[in-house]
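Structure, as structure tokens:
The values are calculated or read from the model by the stated rules, or taken from the named source; none is laboratory data. Model, not experiment: these values are computed from the prediction. Heads up, the Cβs are rebuilt from the backbone with ideal geometry, glycines too, and the neighbour counts pull from every protein chain shown. The protein model used for the area step is the full one, side chains on, heavy atoms only, and it has no ligands, DNA or RNA in it. Shrake-Rupley method; radii C 1.70, N 1.55, O 1.52, S 1.80 Å.
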Amino acid sequence: MSQEYLNLPVVPADTAFGIMADFEADPHPNKVPLIAGAYRDEYGKPWILPSVRMAKERLDEPTHEYLGIAGSPTFLRLAKELVFGKSVDNGQHNIESIQTVSGTGANHLAAVFLARHLRPGRVFIPNPTWVNHKSIWESVGVTVAEYPYFSPVTQQVDIGGILEALEHAEPNDVVILQACAHNPTGVDLSKSQWMQVAEMVQRKKLFAVFDSAYQGFATGDVDGDAWAVRYFAETLSKTDDAAGICVAQSFSKNFGLYGERVGALHFIAPPNFSTQGVRGHLMAIARAEYSNPPRFGASIVETVLGDETLRAQWENDLDTMSSRIQKMRGILREELEKQTEKDWSHVETQIGMFSYTGLTKEHVTQLREDFHVYLLPSGRISVCGLNEGNVEYVARAVGEVTKV
Ligand SMILES: Cc1ncc(COP(=O)(O)O)c(C=O)c1O
């Protein structure tokens, strides 16, 4: 029967989106959403950044024409400067940039391009990591291997585990590195650990794909958060036989433009290689998949980044978001320590939007069933969902479920 192909196995719902739907359907008045990586203000509401609001006012009659396949040249110049710094255009880097359908689209475009042209034996992704890394690379037929990223014992980066795993990689294998504010652990490599990984990537001739979804959320300083990417780019620019680097850049979180799908992919080739061919092939993939990228969000970003006053306001907005998150971390720790008499310092020292609490799957189920507090089964919470109205309630609930 020709319709037999329709007898498909049921695909389990996406974990995070599934839990968010359950949260929405829960009528309990004290329910708390700690799932989505989307900023919420002190009243638990989505927040339009003042810099974004001001940029939209300037775009009072936005055009709805198509962008070119590679996107807006102005947006790409500013996006590139944001990742690599102002000195990027002085010619020492060999970079090709293309606008993408946000960070997910940038990761996907990199995967399609590299699977087709670099043909890596394996891609190494952190364990744990953002769930889409595995899905994206499996979808392009590359074998996914994991490197241990985090030690639950020390609550720190497992640098020994990372180096040991990458020692087994082969030339042209791909390694995915989260640039800052690691999702889901909230724990980043130190500068000296990044240097060790860079040395490994160079020595083993691996291709590094940086996923940069949280620039401005780790240290609150956009340049500080780009340190690892810039260090790798700098190292590569002096290495003739390196495989190359990509940066998948998202503007969802740092501009609060989640639904506008604003992103870019930057491809850096080793010196003495032209990126001309890369550009054409990236554009050919984009043309076949979505033809040209969304315009509106990119025009907001280029308006903000291209104007001194708006850019200063944006940096202020980043500070508003990251300092509220930091404040919530401090209060959560204090309340948890009151409730449990255990050490919860990791909740405060982790960075970015997420905290890897150490709560087990059983704790997570009980939190949801008995207290209507929703988090991922891994024990990851989005700190953005906390505010002064619910943080004490959440700590009390955690105290109850972790009682022995
Ligand atoms: C590590 C990481 N990379 C990429 C993304 C992509 O986000 P978006 O497609 O909204 O830009 C996310 C979103 O949660 C993320 O956490």
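A few notes on this one:
- Rg and Dmax [Cα atoms of the range 286-393; Å; Rg one decimal, Dmax integer]: 19.0, 57
- Cα centroid separation, the range 60-135 to the range 321-393 (Å): 32 Å
- Only beta bridges with both residues in the range 108-198 are counted; by DSSP, about 20 percent of them are antiparallel.
- Long pairs among LYS338/LYS403; LYS45/LYS253; LYS86/LYS204, criterion Cα-Cα beyond 20 Å: LYS86/LYS204
- For the pair GLU308 and ASP221, label points projected 7 Å from Cα toward Cβ lie 2.2 nm apart.
- Approximating the spin labels as points 7 Å out from Cα along Cα→Cβ, the MET195-to-ASN272 distance works out to 2.7 nm.
- Mean-position separation - Cα centroids, the range 217-246 and the range 147-182, in angstrom: 17 Å
- Rounded to the nearest whole angstrom, the semi-axes of the ellipsoid equivalent to the chain, taken from the Cα gyration tensor as √(5λ), stand at 34, 26, 23, largest first.
- The share of accessible area on the chain that comes from carbon and sulfur is 51 percent, using a 1.4 angstrom probe.
- Each DSSP beta bridge with both residues in the chain is either parallel or antiparallel, and the antiparallel ones are about 50%.
- Hydrodynamic radius (Kirkwood) for the range 1-160, which is based on Cα pairs only, to one decimal in Å: 20.8 Å
- Cα pair distances in the range 66-294, grouped into 5 Å bins until the bin that holds the longest one, percent each: 1, 7, 16, 21, 22, 18, 11, 4, 1, 0, 0
- Radius ratio Rg over Rh of the range 37-126, counting only Cα atoms, Kirkwood formula for Rh: 1.05
- Computed over the alpha carbons of the range 221-299, Rg followed by Dmax gives 14.9, 40 Å.
- Probe 1.4 Å, accessible area per residue of the chain, Å²: 46 Å²
- Gained length - THR365 relative to HIS281, 0.36 nm times residue gap less alpha-carbon distance: 25.6 nm
- All aspartates and glutamates inside 12 Å of LYS205 as judged from Cα atoms, apart from same-chain residues fewer than 8 positions distant: GLU167, GLU170, ASP173, ASP240, ASP241
- Estimated FRET transfer efficiency when R0 is 35 angstrom, pair TYR43-LYS403 (beta carbons, to 0.05): 0.70
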